[in-house]
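Taking it in order: structure first as structure tokens, then the write-up.
The values are calculated or read from the model by the stated rules, or taken from the named source; none is laboratory data. Bear in mind the structure is a predicted one, so any value in this text is a computation, not a measurement. All Cβ positions, even for glycine, are placed from backbone atoms using ideal geometry, and neighbour counts span all protein chains on display. Protein only, heavy atoms only, side chains kept; ligands, DNA and RNA dropped before computing areas. Shrake-Rupley method; radii C 1.70, N 1.55, O 1.52, S 1.80 Å.
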Amino acid sequence: MEGNSIIVPIFASIFMLIGVVFFTGFVLLMTLLNGNIHYTTLILTVAVSLYVAYVLHMFRFFKTKKRVRIFWSIAGIALAGSLVQPIYYTYVDRIPTVDAEVNVYEYEPFTDSHKVATLDHEASLQLIDNLPKIDGATAMYPLYSAFVQATYPEKSYHPYQSEVMVNTTPDAYNNLISGRVDVIFTAGPSEAQRERAKKLGLEFKLTPIGREAFVFFVNQKNDIDGLTLQQIKDIYSGKVTNWSEVGGGDDSIRAFQRPEDSGSQTALQSLMGDTPIMEAPTEDVATGMGGIINEVSQYKNYKNAIGYTFRFYSTEMVGDNRIKLLEISGVSPTKETIRSGTYPIASDFYAVTTNTGNPNVEKFIDWVLSDEGQRLVEQAGYVPVME
């Protein structure tokens, strides 16, 4: 190939390169935005293979069948290698993810939902104005939604855009510290949350309004039915790494954790005390601009997995036979064992305030502690603090 005859394939290759780079970049961006980072290698391998094949064709490399076979054999090996990760993650994606969350819209007050607990008479407290702005943990929303339906004026209270929100424990504490809400319903704060409040001259006031169990769960097919507190500490410190070490089958333990400052992660930290918690498993997550961050993995229901949450969360998950709750030191987490104090990891949950100027906040919390409020705690599925 000499003279002008080489110019055409050179320019064709350049134009093709520009097209391949543009199209591949677009596909990669869409893939990352959809959270499918594990397809990156496959996409690049396909793009490079096709482009190289085009260039070799333009420069008449494929003059013999032997050359064609050699090239596509090499390309085939590269493609096969790049398929390993997508195949693995496709398998992983088929394993159910247990979010340990409730559908908050099913508990929105003053809707057609029948899941919100109600009194059989009008509540003695009826607020008209100066409505306390509320936020809280997802696990608490079914409860404080019932409080709102009993005492607030009837109207729409969107879970994320109203006086009554549910933004998860970390965001609820942030909103309380910043003064965007008057009261939050949640588990106790983490040390980091206390420190953030202290730096702003704030101190949390924690009013116990009910009790709940901190529970651990495994795949329904796991041989283990219970653990001791020490065994849990050994698992989450990384000292115990195989189920056979605690009486189960010979299989490695996948110990999932929850995000920092979440109510359940704070509960784990409290349980562990001075015992260091091993590093949490993470996954790569695409951000909105195509970047990659690491986040704590959601619980995947592998046959060798273990996770934790609060008892209220777990009822629906147990009901569909995906998981089973573990006995702790021989005691099952039930309302009866929470009430009697025999379940070893039961704790209070709170109405948390700081320096609110809303005159109705104290009235509202006093009503929550009244017979009517505590009756709703019971009906909503929790254990009252005032028996």
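Overview of results
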{"read-out": "Matching residues in region 220-247 - criterion: being closer than 16 Å to residue 307 by Cα and in a loop (DSSP other than H, G, I, E, B)", "value": "220, 221, 222, 223, 224, 225, 228, 238, 240, 241"}
{"read-out": "Among the residues listed as 13, 5, 49, the single one being open to solvent by less than 40 Å² (accessible area, probe 1.4 Å), more than 30 Å from residue 92 (Cα to Cα) and of a type in the set (Ser, Thr, Tyr)", "value": "13"}
{"read-out": "Residue within region 210-219 that is among the small types (Gly, Ala, Ser), surrounded by fewer than 19 Cβ atoms within 10 Å (Cβ to Cβ) and under 22 Å from residue 309 (Cα atoms) present", "value": "no"}
{"read-out": "Tabulated pairs, region 25-40, first touching a residue at least 40 places away in the same chain (Cβ under 8 Å), second open to solvent by 40 Å² or more (accessible area, probe 1.4 Å), C-beta under 6 angstrom, 6+ apart or interchain", "value": "37/284; 38/85; 38/89"}
{"read-out": "Out of 111, 138, sole residue that is farther than 20 Å from residue 364 by Cβ, open to solvent by less than 30 Å² (accessible area, probe 1.4 Å), of a type outside the set (A, V, I, L, M) and out of contact with any strand residue (DSSP E or B) (no Cβ under 8 Å at 6 or more places or on another chain)", "value": "138"}
{"read-out": "Test: residue in region 218-231 that is in contact with a Phe, Trp or Tyr (Cβ under 9 Å, 6 or more places away or on another chain) and more than 21 Å from residue 249 (Cβ to Cβ)", "value": "no"}
{"read-out": "Residue among 79, 119, 83, 127 that alone is part of a loop (DSSP other than H, G, I, E, B) and more than 21 Å from residue 312 (Cα to Cα)", "value": "127"}
{"read-out": "Residue match in region 117-128 (condition: at pLDDT below 95, of a type in the set (S, T, N, Q) and either within 25 Å of the chain's Cα centre (by Cα) or open to solvent by less than 30 Å² (accessible area, probe 1.4 Å) (or both))", "value": "no"}
{"read-out": "Some residue of region 231-245 being closer than 19 Å to residue 331 by Cβ and touching a Ser or Thr at 6+ places or on another chain (Cβ under 6 Å)", "value": "yes"}
